[in-house]
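Only the coordinates and a few stated rules stand behind these numbers; no lab work does. What you see is a predicted model; the values in this text were computed from it and never measured. Because the Cβ atoms are built from the backbone with ideal geometry, glycine has one as well, and the counts that use them run over all protein chains shown.
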Amino acid sequence: MRNYRKKLIIWLFENSQHFYITYFKRNHTAWKISKQELLNYTKESFGYHLGLFLKKNNFELIPKIERHDCYHVLTGYGTQVEDEIALQYLCYGNGKRSLYLFGVVLLGTILLPEYMPYYLKSYRIGKSANAFYQFDYSTLLHTDIGILRASTFVNLIYN
């Protein structure tokens, strides 16, 4: 039964993406950078790790919503359905507010309630972290990923 619920969520993600980009991200500018270009950054850079994430998952950056993959790289969250939902909980805890986020959180909670402990832990991590949801990640591609993570999750490292 769980697999059917996950497949439904995947279908909803895939079929809402175009609508989301068209109507909610129309004023955003695409980065116009390829996975291969990112892999040419220095090995300790955020950009390089973004390229590795894309390569590992056989993804390309989706124009105008590149930030989402940056959240994965910064936080270390995977791409399984439950991880995608937990990532939205983390972003909600961090202060991000959007219709899409609310939709994912609501549907994820209803359709996969067995992951609620994971979702709540993610929310608390987001709440404890320094704000990261609003970063202009395109300007941080050369930044050392270790420094970026340490400065974002400093409260979790020292507490």
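Couple of notes before you dig in:
- Length-normalised contact order for region 26-89 - Cα pairs under 8 Å, 6+ apart - percent: 28
- Modelled FRET efficiency - R0 25 Å, residue 43 with residue 138, Cβ distances, 0.05 increments: 0.80
- Extension reserve of the residue 121-residue 151 stretch, reckoned as 0.36 nm per residue once the Cα distance is removed: 8.8 nm
- Length gained when the stretch residue 10-residue 101 is fully extended (0.36 nm per residue, less Cα-Cα span): 31.3 nm
- Of 147, 9, the sequence from fewest to most neighbouring Cβ atoms within 10 angstrom is 147, 9.
- Under 13 Å between alpha carbons - lysine pairs in the chain that sit 8 or more apart or on different chains: 5
- Radius 14 Å from Cβ of residue 78, net charge of other residues (Lys, Arg +1; Asp, Glu -1): -2
- Structure-derived Kirkwood radius over Cα pairs in Å - corresponding label in (i) 15.7; (ii) 16.3; (iii) 16.9: (ii)
- Once the chain from residue 128 to residue 109 is taken as fully extended at 0.36 nm per residue, the excess over their C-alpha distance is 4.7 nm.
- Over the chain, DSSP H runs of length four or greater, each weighted -39,500 (n - 2.57), average out per residue to a 222 nm ellipticity of -19500 deg cm²/dmol.
- Amide H contacts under 5 Å for residue 45, placed H, 5+ residues apart: 145
- Residue exposure proxy: 31, 11, ordered by other Cβ atoms within 10 angstrom of their Cβ from fewest to most, comes out as 11, 31.
- Rounded to the nearest 20, the Cβ-based charge dipole of the chain about its Cα centre (Lys and Arg +1, Asp and Glu -1) stands at 280 debye.
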